[in-house]
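The values are calculated or read from the model by the stated rules, or taken from the named source; none is laboratory data. Here the structure is a predicted model, which is why all the values come from computation and not from measurement. Backbone-built Cβ (ideal geometry, glycine too); neighbour counts: all protein chains shown.
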């Protein structure tokens, strides 16, 4: 059990899952659950995929590199950023092979509706990654239509980068929600990849991606999202979320954590991250805002989601 759901003083449910902390050398310092079992990291893989894109010659830096590793909320800065990436190689948003979706962020979705918008490929939260993939293919003269195919030279290289950074062999390849390949590796491997990225030497592809994400957290998610708020509130922290309850982060010194909530719930993830950060000695005001997640009933708070008291004591 990672967290519990308490309503009116009664524990009505629990969130189970696995969690791993690794030292700067990549050794496991704490493991809860089977952290060596293969799983799909979902969008936590974007750190590794963006690193592979830089290795292949993706030239954008700053916010447009952060956007390549993003699960963005669909704000105007994200949409315009995706268009800028595509325009850099003379392409438009109709080159994207992401599914047409509403913006991921609730405020952004309502803004889109109020303005008469509709689901679009550019609004999909992975469109930054896809734009960067397309731009990389265009620069290398590779085919664009099938850039999502696992056998495309782009995806073959990205899979190699994932294996190198995680230290794992990919045990299965699936299709992510955006249509791009998603590789099965271990939670421990994901934590090692995040640790590697923040400790990589300046000028390397790994460090370029980590630095871009930390310098431009608004482009990685959005101002209301916990990922952005944690990176803004804890200097040097690298954080990324993934679907189905996956979360990973690394401190600037290389200590890193990856976790997965078995039922895919999102609400325990930042609470668990904050608890681990406190366990690692981080003292930052932002962590207090992730002590509990309130539960409402009848227009008032009637309970909360909280991390198990002895989880990382």
With criteria (1) touching a residue at least 40 places away in the same chain (Cβ under 8 Å); (2) in contact with a helix residue (DSSP H, G or I) (Cβ under 8 Å, 6 or more places away or on another chain), residue 105 comes up short on (2)
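Test of understanding: among 254, 281, 245, 297, which residue is more than 22 Å from residue 18 (Cβ to Cβ) and either modelled with pLDDT under 95 or in contact with a helix residue (DSSP H, G or I) (Cβ under 7 Å, 6 or more places away or on another chain) (or both)? Don't jump to the end; show me each part of the working.
On the way: 254 fails: more than 22 Å from residue 18 (Cβ to Cβ); 281 fails: either modelled with pLDDT under 95 or in contact with a helix residue (DSSP H, G or I) (Cβ under 7 Å, 6 or more places away or on another chain) (or both); 245 fails: more than 22 Å from residue 18 (Cβ to Cβ).
Being more than 22 Å from residue 18 (Cβ to Cβ) and either modelled with pLDDT under 95 or in contact with a helix residue (DSSP H, G or I) (Cβ under 7 Å, 6 or more places away or on another chain) (or both) holds for just one of 254, 281, 245, 297, which is 297.
Every residue, every condition in (1) in contact (Cβ under 8 Å) with a residue 40 or more places away in the chain; (2) surrounded by fewer than 21 Cβ atoms within 10 Å (Cβ to Cβ); (3) within 18 Å of residue 87 (Cα to Cα); (4) touching a strand residue (DSSP E or B) at 6+ places or on another chain (Cβ under 7 Å), yes or no:
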position: 126; (1), (2), (3), (4): yes, no, yes, no
position: 129; (1), (2), (3), (4): yes, no, yes, no
position: 137; (1), (2), (3), (4): no, no, yes, no
position: 140; (1), (2), (3), (4): yes, yes, yes, no
position: 143; (1), (2), (3), (4): no, yes, yes, no
position: 154; (1), (2), (3), (4): yes, no, no, no
position: 157; (1), (2), (3), (4): yes, yes, no, no
position: 161; (1), (2), (3), (4): yes, no, no, no
position: 165; (1), (2), (3), (4): yes, no, no, no
Looking at (1) farther than 17 Å from residue 53 by Cα; (2) not in a helix (DSSP H, G or I), which is the only condition residue 219 fails? (2)
If you take the residues of region 274-301 that are surrounded by 14 or more Cβ atoms within 10 Å (Cβ to Cβ) and in contact with a strand residue (DSSP E or B) (Cβ under 6 Å, 6 or more places away or on another chain), which of them is nearest to residue 12 (Cα to Cα)? 295
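Of the residues 186, 171, which single one is touching a residue at least 40 places away in the same chain (Cβ under 8 Å), surrounded by fewer than 22 Cβ atoms within 10 Å (Cβ to Cβ) and touching a strand residue (DSSP E or B) at 6+ places or on another chain (Cβ under 8 Å)? So that I can check it myself, show each step before the final result.
Numbers: 186 fails: surrounded by fewer than 22 Cβ atoms within 10 Å (Cβ to Cβ).
After applying the criteria, what remains is 171.
Could you please let me know if residue 212 is modelled with pLDDT of 95 or more, touching a helix residue (DSSP H, G or I) at 6+ places or on another chain (Cβ under 9 Å), part of a helix (DSSP H, G or I) and closer than 14 Å to residue 21 by Cα? Walk me through it before giving the result.
Values: modelled with pLDDT of 95 or more: yes; touching a helix residue (DSSP H, G or I) at 6+ places or on another chain (Cβ under 9 Å): yes; part of a helix (DSSP H, G or I): yes; closer than 14 Å to residue 21 by Cα: no.
It is false that residue 212 is modelled with pLDDT of 95 or more, touching a helix residue (DSSP H, G or I) at 6+ places or on another chain (Cβ under 9 Å), part of a helix (DSSP H, G or I) and closer than 14 Å to residue 21 by Cα.
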If I go through region 16-44 residue by residue, how many of them are within 19 Å of residue 275 (Cα to Cα), in contact with a helix residue (DSSP H, G or I) (Cβ under 9 Å, 6 or more places away or on another chain) and part of a strand (DSSP E or B)? 9
